[in-house]
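The values are calculated or read from the model by the stated rules, or taken from the named source; none is laboratory data. Note that the structure is a prediction, hence the values are computed from the model and not measured. Cβ placement follows ideal geometry from the backbone for every residue including glycine, while neighbour counts extend to all protein chains displayed.
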Amino acid sequence: MRITTSTLAAAMSIFVGALISVSAWSDEYPSRPVSLVIPYGAGGAFDITARLLASVSQKHLGQQLVPTLKPGGGATIGTAFVARAKPDGYTLVYAANSSLTVAPLLEDPGYTKDDFIPIAKITHLTYVIAVRADKPWKTLNDLLVHIRNNPKNVVFGATGIPGLSTIGHSILLKTAGIATAPPMVPFKGVGEQVLSVLKGDTDYMIQIYLGVLPQIRAKELRVLAVLDDARSPLMPEVPTAKELGFNIALNMWLSVLAPKGTPEPVLDKLSVAVAKMVKDPAFVEAMAKVDSPILYQDRRTFQAFWNEEYKAYANLIEQEGLRKKK
């Protein structure tokens, strides 16, 4: 094929036009509010911290982040919605490893890990095992003995199915030698889950501490164990599951992600803006008031961390003989 001067000129024109188009897109973005989809119910850690982040977004992004609740399916419904959204930077997801790492390994939620591009990790929070405060179970062992002896007369309430809490629950029962799992009731969000435990419709729950901290402080819920490597400074009297002989440490990270295919200039703008948001004094103060640490990672650090975590959970699921994605 002979490349003529006119052919080369046409190619250069297309290339320059593409550069101008990308530059214009970058300069114009964002020209309207940006939807931040929260695939969990109202009142939980995601709802709380997403709204705190959104409260300082106008100043640093130039447009408002608009938190939008889309709960259901163990957070897979809202997450799948964003995976299918137009990758123009106007629909983001505020999601976690429960729906982005665990769910794709256990089932087919309608998306894969590779359907998303990280913008930033905002924080990560640990899980606790909690019961209503007037229940007779004072320790984790008390609860497990009751489950072993009465598997059909105790009910586990869970969110994010399948997810981190259900994996932790499976490992807990397996380590305790409990062959028959009690009935499990699914909930769209932590608010429904907590209400169910308080009403006595379900008996125990595994949830990140931020979502149940008000009920813990009001002495409506009793925490039997912290699912982390070390005790929580917020409840130093509560032992870790590892101290009690259960090798379980669950942390849920809270992060902002965009759909695959989002232009690089848009990703860069979002990344820079979120980095400023997490340092904003108003955001720092508000997060401290709800006892949530800021454990920020930029997009590339977070991507590397996520890749390693995905491999680790894949190995854990296989080792524990849990149901895997076909």
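Annotations for the structure displayed:
- Unique residue being closer than 29 Å to K279 by Cα and among the small types (G, A, S) when the list is S98, S170: S98
- Residue selected from the stretch 273-292 under the condition surrounded by fewer than 13 Cβ atoms within 10 Å (Cβ to Cβ) and either hydrophobic (A, V, I, L, M, F, W, C) or within 17 Å of the chain's Cα centre (by Cα) (or both), by the criterion farthest from A179 (Cα to Cα): A282
- Enumeration of residues in the stretch 1-56 that are at pLDDT below 95, closer than 19 Å to P71 by Cβ and of a type in the set (S, T, Y): Y40, T49
- Scanning the stretch 191-230 for residues that are in a loop (DSSP other than H, G, I, E, B) and buried (at least 16 other Cβ atoms within 10 Å of the Cβ) turns up T202, D203, E220, D228.
- In the stretch 233-251, the residues that are over 22 Å from Q297 (Cα atoms) and either of a type in the set (G, A, S) or surrounded by 13 or more Cβ atoms within 10 Å (Cβ to Cβ) (or both): L234, M235, V238, P239, T240, A241, K242, E243, L244, G245, F246, I248
- The criterion of being in a helix (DSSP H, G or I), in the same structural domain as L210 (by TED's automatic domain parsing), in contact with a helix residue (DSSP H, G or I) (Cβ under 8 Å, 6 or more places away or on another chain) and aliphatic (A, V, I, L, M) does not hold for I178.
- Taking residues in the stretch 284-312 that are free of Cβ contacts under 8 Å to residues at least 24 places away in the same chain, and partners anywhere that are not basic (K, R), the pairs with Cβ atoms closer than 8 Å and at least 6 places apart or on different chains are V284/V278; V284/I294.
- Flag if V238 is more than 21 Å from L52 (Cα to Cα), outside the structural domain of N97 (by TED's automatic domain parsing), over 19 Å from the mean Cα position of the chain (by Cα) and in a strand (DSSP E or B): no
- Exactly one residue among D203, D229 is under 18 Å from Y127 (Cα atoms), out of contact with any Leu (no Cβ under 9 Å at 6 or more places or on another chain) and among the acidic types (D, E), and that residue is D229.
- Flag for K269 being surrounded by 17 or more Cβ atoms within 10 Å (Cβ to Cβ), closer than 30 Å to I119 by Cβ, of a type in the set (K, R) and assigned by TED's automatic domain parsing to the domain that holds T139: no
- Looking across the stretch 179-190 at every residue that is crowded, with 16+ Cβ neighbours inside 10 Å and in contact with a Pro (Cβ under 7 Å, 6 or more places away or on another chain), the one that is farthest from L254 (Cα to Cα) is identified as P182.
- Residues of the stretch 265-306 satisfying the condition of being of a type in the set (S, T, N, Q) and not in a helix (DSSP H, G or I): S292, Q297
- When the criteria are applied in full, D47 fails the requirement of being surrounded by fewer than 17 Cβ atoms within 10 Å (Cβ to Cβ), on the phi < 0 side of the Ramachandran plot and among the charged types (D, E, K, R).
- Failed condition for G191, given (1) in contact (Cβ under 8 Å) with a residue 60 or more places away in the chain; (2) over 30 Å from V34 (Cβ atoms); (3) not hydroxyl-bearing (S, T, Y): (2)
- Complete set of residues in the stretch 252-266 that are of a type in the set (G, A, S) and either surrounded by fewer than 17 Cβ atoms within 10 Å (Cβ to Cβ) or in contact with a Cys (Cβ under 9 Å, 6 or more places away or on another chain) (or both): G261
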